[in-house]
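**Q** Quick one: the structure is below, questions incoming.
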Amino acid sequence: FTRPAMSETKSDLVVVGAILGAHGVRGDVRVKSFTADPEALFDYAPFLSEDGDELLVPLKARPAKDHFVVTPESPRQKEEWDALKRTRLYVPRMALPDTDEDEFYIDDLVGLDVFVGGEAKIGSVKAVLNHGAGDLIEIQRLERGKPVLVPFTLEDVPVVDLAQGRIVVANFDLWQDETRPDDAP
């Protein structure tokens, strides 16, 4: 693993994974990768905190069911790793490869304005989530109601325009409808 310079600010950092908690009692930690190729995560180590402080330097990693078991350079007690559960792991943006024209990093979507039909602004991207069945865009509506989750597919989000700072949702009404089929008259 290589070490980049450690003087990064939050705007220079990109989320690449998260701590899932301790693995056993010998100081190992479980890590979830958010990279397209999960094993590529370790090409970008060491991992930083949200503030840019060094958080985890992997010595070795082995794949598990849906995560990696990492032996860190500086082991921590089980309770320490468990306290860091859900902590996001960041790397400097400059450590990541450049994206192609139709590619972007998930962090680049957060904060973008959300439009329906191209012209009607309805809110902004609050977060990008993945609970195992694909990426979801969490949209915070302008009227500050409950956030709406929209699948991040080409059909549902046909336009991502980073230069204009916006995305377009094709059928927002479908996703903001909270009625359940069994609620029908």
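The values are calculated or read from the model by the stated rules, or taken from the named source; none is laboratory data. Quick caveat: nothing in here was measured; it's all calculated off a predicted structure. Quick reminder, even Gly has a Cβ in these numbers, built from the backbone with ideal geometry, and neighbours come from all protein chains shown. These area figures cover heavy atoms from the full protein model, side chains too; ligands, DNA and RNA do not enter into them. Shrake-Rupley method; radii C 1.70, N 1.55, O 1.52, S 1.80 Å.
**Q** Where in region 36-117 are there strands (runs of 3 or more DSSP E), lying fully within it, with 3 or more residues that are without any contact (Cβ under 8 Å) to a residue 40 or more places away in the chain and open to solvent by 40 Å² or more (accessible area, probe 1.4 Å)?
**A** Here the list reads 58-63.
**Q** If I go through region 25-40 residue by residue, how many of them are closer than 21 Å to residue 82 by Cβ and not acidic (Asp, Glu)?
**A** Qualifying residue count, region 25-40: 9.
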